[in-house]
Structures are given as C-alpha cells and as structure tokens.
Amino acid sequence: MCSGLGPEVLPVSGRISVLYCTRTNVLRLRKKACKPHRFIPYARNSTFTSRKNLLELIKKYSESNTHNRIALHGLGGSGKTQIALEYVYQCANESDCHVFWVQGSGLLKFGGGFRDVAQHVQIPLASAKPDEGEFLLGVRRWFEGPNSGDWILVIDNADNDTDFSGNNSPIAKFIPQGTKGTIILTTRSRLVASRQGCKMIEVGRMGEEDALELFSKRFSGSGTYWAILQESDERAKRLLSQQFCDIQREVDVTESVLGTYFVTFDRITRQMPPAAHLLRLVAFFDRQNIPEELLRQCGFEGMDDPVEFRQAIGKLLGFSLVTTIKREEKIFYELHRLVQLSLQVYLPAGELIQGRTAALSVVSRLFPRCWEERRCVGPVYIPHALAVTKDLRDPVAEELDFLMGQYFLDIGFYNNAETQFRRCIALREEDHPNTLTSANNLAPVLRYQGKYRESEAMSRRALEGYEKILGPDHPDTLTSFSNLALVLRYQGKYDESEAMSRRALEGSQKILGPDHPDTLTSVNNLALMLQCRGKYDESEAMSRRALEGYDKILGPDHPSTLTSVNNLALVLRAQGKYDESEAMHRREMEGSEKILGPDHPATLTSVNNLALVLQYQGKYGESEAMSQLALEGCEKILGPDHPDTLASVNNLAQVLLAQGKYDESEAMNRRALEGREKILGPDYPDTLASVNNLAQVLRAQGKYDESVATNRRALEGCEKILGPDHPSTLTSVNNLALVLRYQGKYDESEAMSRRALEGSQKILGPDHPDTLTSVNNLALMLQCRGKYDESEAMSRRALEGYDKILGPDHPSTLTSVNNLALVLRAQGKYDESEAMHRREMEGSEKILGPDHPATLTSVNNLALVLQYQGKYGESEAMSQLALEGCEKILGPDHPDTLASVNNLALVLRYQGKYGESEAMSRRALEGRTKILGPDHPETLKSAKNLAALLQLSRRCNESVTTNPHGGEIQPRKLDPRRPQFLGDIVSRFGRIVGFGKQDGLAG
C-alpha cells in the first residue's frame, strides 16, 4: 500500500460538471510500492465556502466496502463540480486511494479522459491497435480488476440522458461496475442519476449568508455590490456594466462583467442571424422554463422549420448561453440571469422595443383561452406573461392581463386575479367598454375574497357605466344587474337582491326573448334568490322553467343545462324531496362526466353535491365515499389549497361527524380551517364557516369550553365582516346558544336564542324556515329552564309555521313535531306526547324510509315516552328495534347506537331484568369511553346509570368503584312511578341551522 506520499496531481484540459464518487476501505495495491494516482483537472478552490452537509453526505454514501455510486444533482451553476472537487482533494489528503476525473458531456470527451487514464497508469492492452470500444472496455476492466486498488472516479457533466439511459448506452456501458470503487456523477438529469443506480444528493442554491460569504471572499467591497445586485435588475445592469476589475469572473481583465458577453453576441449575430433573433426574444421572457413552442412559433423567419430551428437553438446551446431541460416529453430552455441582463444592456433602444413587442405578441397569441387549456398550460405561461406585460400600457398587454386574471380566478388565486383585473381597469379610461368588462370580472373576484362591500361598489360601477354607454336594456347591462343581485344576496340584502334579479329577468325577456340562454340564466338566478328567502315552491317552479328551456334550446347535456339540473336538485333538497334531489344530482354528475370528463371541476362539484344529499338521506357510507372521491379529484386537478378543494374537505368532515367519527371529523375541519385562513384570510366568510363547523364537532366531543371559544370567534368575525343582522351571523348566534345550553349557562343561552329569533324575524320574516328554526331552538332552551308553557307555545308556533311553509311531511316539520313531543312529555302529557312521536315516526318512515337515522331517532324517542307511561313491553320492543336499526346503518359504536343501548338498558331495568340491563349498561359505558372518552358528558351519564343499577340490585361494593364521582352511594327507596335513570333523547338532524355546514357548490 502506498502511504505517507504526497498526492500526484496531473493537469487535465477541459472542465467537467458531473460527479459520481464513492469511498471504500483502502485495498492493497500490487506488491510493488507506488504513489497513488491523482488525475484531477483543477487546482483546489481556495474560496470554497460551506456545503459541509453535502460533503458529509458524500462521505457517508462512500463508506461501504462495496461498489458505491453517488450523484450530485442540480441545475447548472449550482456548484456541483466545486463540491466534487473539494471532496476529492479532501480524500487525497486523508487516504491513499486513486482519484480519477473524466468528462461525461459526450462520448468523445469521455473517451479522451479514459485514454489519459490508461496512459497515466500504463494499463496493458489486449492488442496493439484496439478499436475505440475495445479500448474503453479495457480501461473499464482495469478498474474492475484486482490491480486497480481503491479508487474514486468522478464523471463530470453527465447531463445527456441518452448517454446514460441504459447499460448499453454510449457512455454507460464503459462505466466500471464490480465490487469496489466509488463513482461520483455531477448531473443536471435526475433520470441519469436514477438509471445509473446512484444515491442522489440534491445540490440547491446556497443560502444567502453562505452566498454573501463566498462573494466576500472573491470580491473586495462586496457588501455594497451585493446590496445593489439584489435591489433591482436595472441597478444590477448599471453596476455590472462598470469597469470593475475586482468583480471579474475568473479572469483579471479591466472590462465590465457584462461586456465579456458582448463579444459572443457579436459573433453569433455574424455567424447565424436566426440564432441572434432567438436570443433577442428570450431576453424578455422569464429566464426559466421557457417552452420550446414560444420560440418555434414566434413568427421569425425560418423558426417554423425544424432544421433551421435546431441549427439556431444549437448555436445558443453551443455557446452555453441557454441550457435545455426536458419535462414530460416537452423541451424547455433557461438562461442565466447574467446572460439576460447583459442582453438587455447590449441591445440598442430600437431593438429592445422590437424584442419586447415580439415577446409580448407570441405569449399573447399562444396563451390559452379556454378553461381546459388554461388549466394544463397556464402554469407554464404565467411567468412569461407577467414578464412581457410588466410596465406596459397597450391593448395587447391589457388583453393578456385579462387572460391572466381569468386563469388566476380559475385556480382560486383571488389576490392575483384582483391584481390583473385592476391593471386592466387602470389601462383604460373610466367608461371604456373594456374597463367596464374588467370591473364586471373584478366584482366576483372581490366577492370570492369576502370583500362584499367592495364587490358591490364595483358591480354598481359596472352597472352605471353600462347603463350610460349601452343603455338600460343592453345584454351587458342586464348581466350587471344579475351580478349586483348576487353580491347583494351574499350580504343578506334579500329584498334588493330579489328586485335586481327580477329586473334582469324582465329586461332579458323583453330584449332577448323568454327562451334565450341569458334569459334562462336570469331565471336560474332568481330561483336561487327565492330559495334563500324560503320561497321554495316558487323557486322550484323557476328552476323547472329554466331547466325545460335549456333542455329545449341547448340540449340535455349542455353545461348550462346541467347547472340548471343542479339548481333544481338544491331546491328539492331544501324541501326534503331527497329521492328526487338525488336523481337530479346523479343526472348532473353523469352528464358532466360525459361532456366535461370525470376530473373537470364542474364534475367534481356534482360529486360533492350528490354526497350532500346522500348524507341527508342517511346514506353515510356512500356519502363518505363520494366526498372522498370529490376531494381526491380536487386535490389532483386544483391542488390541496384551492377553495373548492377546501370545500370538499369541509364536506367530508360533516359526513364523518354524522357517522360519529369525531376525531377524523375534527382533523378534517382543522385542515379546512387552516387552509382557508392561509388562502382566504381569517375573516373570510368561508373561513368563519369552518370555525363554526369546528365548534360543532368540539361540542359533539363534549369539549364545551373550546367549542364556546370557537363559536365566539365565529360570531365576532361574522359581526365584523357581515354585520350583526346577516343570516350567517344569526346562525352563529344560534350555534353559540346551543353550546351554552349544553354547559348549563341558561341565562346567556336564552338571551342568545332570543337575539337570533328577533334578528331572523326582522331580516327574513316570521315564516322563513330559518326563523322557525330559531323559534324551535328557543323552545328547547325554555324547556331546559322549566318554562314549559312558553316552550310549548313556541314549539306549536314553529310546527304551525313549518306545516304552512314546508308541508306536514318535510323533515324540518317532523323535527318540530319531535320537539313539541318532548316538551309535552316534560309536562307529563304523555298521551299527547306519544301521539306526536308516532306522527313523527310515521312521517319519517314515509319520507326517509324505515332505516334512516332520523327515523330510528323517532323510534328511540317514542320508546322513551312509552316507558314513561309504564308501557314497558312496547317500549322494550321499540328500543330493540331502534338498536338493531342503528347497528345495521351506523355501526355498533356510533354515538346514536350507544344511546339506543342506554335506552334499552333503562327499560330493562324497569321490568326488573337487572342482568340484561346491567349488560346493556356496561356496553353503553364501554362504548362511550372508547369513542367519546372517559370525561365526555354522555360517558358520565352511562357511568351514573350503571352505578344506580348496581345500587338497586344490592351490589353496593361494585357500585362504589363504578360511580365516576367517587364515594359510597347510600341506598334509598326508589319511586317506581318516576324514572331514576338518565334516558338519551337522540337529536334529530335539522334542529340547528348549520352555517356553512355543507358547501354545496351551486352554478
């Protein structure tokens, strides 16, 4: 072994940028002592800075005693070669292994490097004049053989995929393998690193501190220069144009840094003018990820010819002015910032204008117009569109700004969309038609951001401008009426919104006719407004009119027809016509899949809306599957933070809550909330909806303090953004009242319930469904306070209102029947209570089916009142029926199932069936401890029930250990006429208006 000898470093011409390197244990060389071979092309870099973690990774990956392969992967100029160089010099100082360095940028250079290696180490050849392939294989065999010892081979600039793509590729077939040695590749190609079986080390850009340290080592006065370079491109160009020899790259000459490029530019202009034209064009794009089609379709002479284009771009590649990368079978080009800055300094003023105009023209011409193309191509074109429109004020730039605004609106980047549309408005005079169009487009962007007042102002500006320029009955003016109506609806200004919607419809019918698509759109918008006002019959009639018109004019599969199908489905759902609503949602979904494809956002919205109605029907498993499908599609197409994706997250959270999967629901609600806070801001209405939804699941988990705090945040946000009387604000008031009631804070809960009712009556009217919900909630609160007469009066008022507005069989009406039954039972009016519960149960069976969770709740509640009447046999049968249904539909551990177990235990106890009652009580306690936790109020209720049962059956010792509050329970005589256990009144859905509870996306 050669030891204690200094390294022998031989100069090698050429620069290599790809490195594969491995370290192995020092092997014994041949018996004859020799110096280790050191074949390194460059001197050690005295200004090498940091990168210690990358050097340690190379060392780590080189430590095995077998054959090692490592790839330093990164963009050009990221420092891969310098890292490899520093590593091999460290190895040369610390060990006796051989070090060789060859170029991997082509077979010719690679072969030349292997010839130099063979000559240096005097590798014996099989024949006197071997061909090139035999010769290179001979060198490879020497590396793999016993005489080569321990070695490191660096292959620099291994960037060409075809040279390394397989074992038989031009260069790859000559790379040593075997059981020893370390190969280090430096490469820009991830594919090369992968195909060569390398452990990959990513070489990213240096941190700012390290980069400044390196800059300081290379140049004096670096602090000032560094600040100027970072400030702006214009300042950087002025600085780099100065005659500063102390900021030269590599060579000590008294010319500007940028000036060194000018000689190259002149040479290209003389040798190949088409290449010079391309270079002038790319100077004005964003310097990274330039799609090849922007160059090939630029309109320059000859660039549409594949041969001439390859010759021109090849010249630029040959001078290393641009680099090429390939992604998904498409070619992109990049240029260094210094090259771009130098081009902008080099070009005369006239050529600067020509180049920028050409760049703007080609980007504007190729920028996608339709949604599908914008989705696929937009991310690539946006940086170049932003670059070519910067500071420009002409019609082409304005059009491109408008297209970018539409793209950002598509993907939910509302802040960016606002910026682009505002630029469009600024580029034209106040009343120019294009300005009004941009204002009309900016208004919905502001609405999506929750900036309702600004959106209203922008809508009014557009409307006033159109009325002045085009007249009150022009189609664009009528569209502005519809847009204004929409933002007024979002603000809860229902009277004015309805008036605007009717104005738009009347104008469209007059000017365009009753069957024109724009007229039908106005019909649809009015239908949605009427639905918000609780005028469901009129809304349904309008929705059906719109649908029939679209079917006739556009056909059953047109996207506008399918939107109308969706809107009809929504109002049918609001009326409790779930089966018909489901059929409509399925028609919409199947039509969207057929026409738009399964991954189109409109199709995913259809999936989401179908999931919602399935949840209302109690088909939780199918609803969850649909919600999951919609979420996965949105994540794939729109990204994880798009508002529609977050709406899907929210919807999935709700169906998980309905199934009693509280932990999963909480996690999803928190994801939706965090995403909306990040993308939309903490005070956006959808964000506040997520706050409200999180509060609901916290309440279900028995986390009342946290739920109250979360509800208060939602309420304060709604009051701030929407005002104290907005319907969503009143829903927040209702939800806060509910959790306060659960905490036993009856005074504050009652005050909140009364505020919600008064606000709803003022804003929505006394007969609006949401107002009647507030009546119901106040009735429940009064019942808790023992104000039974007032509670009964409120319950009857709610029931009469629902009967009148929604009909006797609507789910909300049946919920009101249930609530009246509860207060009648609390007053000891058991016969009347029983009659109400039977009405509720029969209605649910008719409308929802015998296995719907709401129907099973009705069965449970009827069992309780039968128990109060002493009809134990019938009560037990009903309890058993409810339990079996819950187990079948919801599963054995769902909270509603466990409530049924608890109720069955209760009626068994009253019949003296203590053994069966105890088994059921234990099952309820164990299930609730598992699902809800030991401290949840429902778990504590089960513990109390079991303790009382054990006491009754004279098993006092066990009773002591089961009592959750500790202490021995003293026996006392039980009154058989009065229940001593806590029965579970299972809540029906629909009792509380869930603000933001479901994000069904209407057209």
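The values are calculated or read from the model by the stated rules, or taken from the named source; none is laboratory data. A quick note: this is a predicted structure, and the numbers were derived from the prediction, not measured. All Cβ positions, glycine included, derive from the backbone under ideal geometry; neighbour counts span all protein chains shown. Remember, those area values only see protein heavy atoms, side chains included, never the ligands or the DNA or RNA. Shrake-Rupley method; radii C 1.70, N 1.55, O 1.52, S 1.80 Å.
For the pair ILE595 and LYS199, a Förster radius of 56 Å applied to the C-beta separation gives a FRET efficiency near 0.70, rounded to the nearest 0.05.
With the whole protein complex present, VAL396 retains an accessible surface near 60 Å², based on a 1.4 Å probe. What ratio of Cα Rg to 2.2 N^0.38 Å holds for segment 52-206? Here the answer is 1.00, to two decimals.
At q = 0.21 Å⁻¹, what log₁₀ I(q)/I(0) does a Debye calculation on the Cα points of segment 727-857 give, no solvent, two decimals? Treating every Cα as an identical point scatterer, log10 I(q)/I(0) equals -1.23. Could you tell me the distance between the Cα centroids of segment 284-330 and segment 794-853, to the nearest Å? So the two Cα centres are separated by 73 Å. Put the Cα centre of segment 880-955 next to the Cα centre of segment 730-791 and the gap is 31 Å.
Summing charges over all other residues whose Cβ lies under 14 Å from the Cβ of LYS846, with Lys and Arg as +1 and Asp and Glu as -1, gives -3.
At the residue level, TYR346 shows approximately 60 square angstrom of accessible surface with a 1.4 angstrom probe and all protein chains present. In summary, the aspartates and glutamates within cross-link reach of LYS552, defined as a Cα separation below 20 angstrom excluding same-chain residues under 8 places away, comprise ASP515, ASP518, GLU540, GLU588, GLU590.
Using R0 = 60 Å, the C-beta based FRET efficiency linking ASN434 and SER953 works out to 0.10. Shape index of segment 420-494: Rg/Rh, with Rg the Cα radius of gyration and Rh the Kirkwood radius from the inverse mean 1/r over Cα pairs, equals 0.96. Using the Cβ-Cβ distance between HIS120 and LEU392 with R0 = 41 Å, the FRET efficiency computed as 1/(1 + (r/R0)^6) comes to roughly 0.10. In nm, what is the difference between 0.36 nm times the number of residues separating ASP131 and ASN415 and their Cα-Cα distance? Going from the current span to full extension adds 95.8 nm. Residues whose amide H lies under 5 Å from that of VAL99, counting only those 5 or more places away or on a different chain, are HIS37, ARG38, PHE39, ILE152; hydrogens are built 1.01 Å from N in the peptide plane. Using a simple spin-label model with pseudo-atoms 7 Å out from Cα toward Cβ, ALA457 and THR929 lie 6.1 nm apart.
Distance check, please: which entries in LYS577/LYS888; LYS109/LYS326; LYS60/LYS678 exceed 32 angstrom between their Cα atoms? In this structure, LYS60/LYS678 exceed 32 Å between Cα atoms. Using a probe of 1.4 Å, the accessible surface attributed to GLU293 totals some 60 Å² when neighbouring protein chains are kept in position. Residue by residue, segment 778-791 carries 3J(HN,Hα) couplings of 5, 4, 5, 5, 5, 4, 4, 8, x, 8, 5, 5, 5, 5 Hz when phi is fed to the Karplus relation 6.51 cos²θ - 1.76 cosθ + 1.60 (θ = phi - 60°); x denotes Gly or Pro. Solvent-accessible surface of protein heavy atoms, probed at 1.4 angstrom with all chains present, puts THR563, THR645 in the order THR563, THR645, largest first.
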